[in-house]
1. Kindly provide the set of residues from region 18-40 that are out of contact with any Pro (no Cβ under 9 Å at 6 or more places or on another chain), farther than 16 Å from GLN142 by Cβ, open to solvent by 60 Å² or more (accessible area, probe 1.4 Å) and in contact (Cβ under 8 Å) with a residue 24 or more places away in the chain, ordered by number.
2. Of the residues that make up region 111-122, is at least one farther than 28 Å from ALA253 by Cα, touching a residue at least 12 places away in the same chain (Cβ under 8 Å) and among the polar types (S, T, N, Q)?
3. Looking only at residues in region 258-289 that are among the small types (Gly, Ala, Ser) and in contact with a Pro (Cβ under 9 Å, 6 or more places away or on another chain), which one is least open to solvent (accessible area, probe 1.4 Å)?
4. Report, by residue number, each residue of region 248-301 that is of a type in the set (A, V, I, L, M, F, W, C), touching a helix residue (DSSP H, G or I) at 6+ places or on another chain (Cβ under 8 Å) and part of a loop (DSSP other than H, G, I, E, B).
5. If you go through region 156-178, how many residues are assigned to a helix (DSSP H, G or I), open to solvent by 10 Å² or more (accessible area, probe 1.4 Å) and either in contact (Cβ under 8 Å) with a residue 40 or more places away in the chain or in contact with a strand residue (DSSP E or B) (Cβ under 6 Å, 6 or more places away or on another chain) (or both)?
6. For the subset of region 41-74 comprising residues that are part of a helix (DSSP H, G or I) and without any contact (Cβ under 8 Å) to a residue 24 or more places away in the chain, which member is least open to solvent (accessible area, probe 1.4 Å)?
7. Considering only residues that are charged (D, E, K, R) and open to solvent by 40 Å² or more (accessible area, probe 1.4 Å), which ones fall in region 84-128?
Amino acid sequence: MFSILRSILPYALPLLLAAAALIRVVVYFAFPSVFAWDATGAIHGSASYDQYAVNLLETGVYGLSPGIPDAVIPPLYSTVVAGLYALFGRGSLTIALAHTAFDLVAVALLVDTARRLFRPYGQWIGLVAGALYALYPYLIFQNLTLIDTPLFMLLLHLFTWLVVRLRERDHTDAAAWALAVTAGFVLGAAALVRPVVAFFALVLPLWFLMRRPLAVALVRLIPVAAASLVVLLPWMVRNHAVYGQFVAMSITAGSNFYQGNNPDVIPLMRAGYDVQWTAPDPALIDAPPGSPEADRQRQQIALDWLRANPHIVPELLWVKFVTHWSIDVFPWQNPTEGADPNPDVPGDAAITLEGAPGAAPAVNITGLPQGDPVTAYAGGAFALGRIVHRFYFGGLLILALIGLTITRRGWRDVSLIWLMQIAMTLAYVIFHSSTRYRVPTDPFLFTFSAAAWVYGAAALRTWASARRSPRMNPPAPA
């Protein structure tokens, strides 16, 4: 069996990528009511990305309202979507095929990253981890919808692969400088999709110091930081022109912080609801809607609440941590259709908490527009998908913990993945958690799951070889 596996090893990656592409194409055509939004009119993922892309093509202005510039969300994904629309036309198949291509490149990068980090079985661990990524049901679904996850994953995998190669270099030569600058450009691009990548970038120096002296680490990482700023600077300059003040990425950081730090978070998360539907009382916001000042006021309301309720903070952090690592797809409850009580605040909804004092409240959220795709996630194929995800991710999480223990001797290399998981967990515990925010780093977690499989197979092979070896005859008595 092992000889057969060795014989197909040179063809393993192409076969894996072909299988990953085929699965995604089959799933897309098998569920047109979910993915063919150009036919159904219901966009799974986020309709905002489509609107930004259409407006950018029609007016040349990046904004949710035609011709009115804004920075509600970072720009790169919508800009890529606009480019795809311009080249191939606006359609769900265009997006699905582009996302599939992003996934294939990310799978290949994961395979090679694992090969470099995990020794002596890196090649096998990379292939198994790549297969686990390619077959991950949640990502197959999400990455066929109109969402920024596939582009962010591609850039995250590319950035990780580049910094691994950068640390491997024995000399800071021209090739090292090229890797550093390229990694910086990719990091800046990733931040223009999801700024949360900055949390991972901040811990990278620790990983470099595990193999390289401080001076070498600084010489190689400073160009990474500088190149990333070069990418981000045009967006910052544009935002200053729009708002007349400094806006780094978007005007929703304060809203996101409020959503993860307010009195409704614990009861909503315990009840299975996403906290993205929460917003402060409009009477507390006197700044114009959609302004940086309004966003800062939301953040300040959250900070004031935390300062006034320090006793709640440990439970709040724990609930968000458990939510982040839930083996179930979170949220497992979604709002129902109804009137939005505050149309000026995106994501607002009517939240009702009912129950006796001291008891867990009954939660009800309304405010979704009629026909919103989110209302479909409670039943049908989605209910089955939740069960599949529970066993798929839950099983791989257990294996990852085993693999993490098995590979601990290679900590100077594999700790890159530890640091990634720690940094991204910290980011979402500070703001707010859900499964869709965690999954971009799940394939890296699966490298430890793969290590458990591969080391287990190696141990089995050693045991089988020992069983086949002839036993030595005991010495004859004197």
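The values are calculated or read from the model by the stated rules, or taken from the named source; none is laboratory data. No experiment lies behind these values; they were computed from the predicted model shown. Every residue, glycine as well, gets a Cβ built from its backbone with ideal geometry; the counts of neighbours run over all protein chains shown. Surface areas here come from the heavy atoms of the whole protein model, side chains and all, with no ligands, DNA or RNA. Shrake-Rupley method; radii C 1.70, N 1.55, O 1.52, S 1.80 Å.
1. Passing the criteria: only ASP38.
2. Looking through region 111-122, at least one residue is farther than 28 Å from ALA253 by Cα, touching a residue at least 12 places away in the same chain (Cβ under 8 Å) and among the polar types (S, T, N, Q).
3. GLY272
4. Correct list: ALA248, MET249, ILE251, ALA279, ILE285, ALA287.
5. Of the residues in that region, 6 qualify.
6. Out of the qualifying residues, it is ASN55.
7. Result: ARG90, ARG115, ARG116, ARG119.
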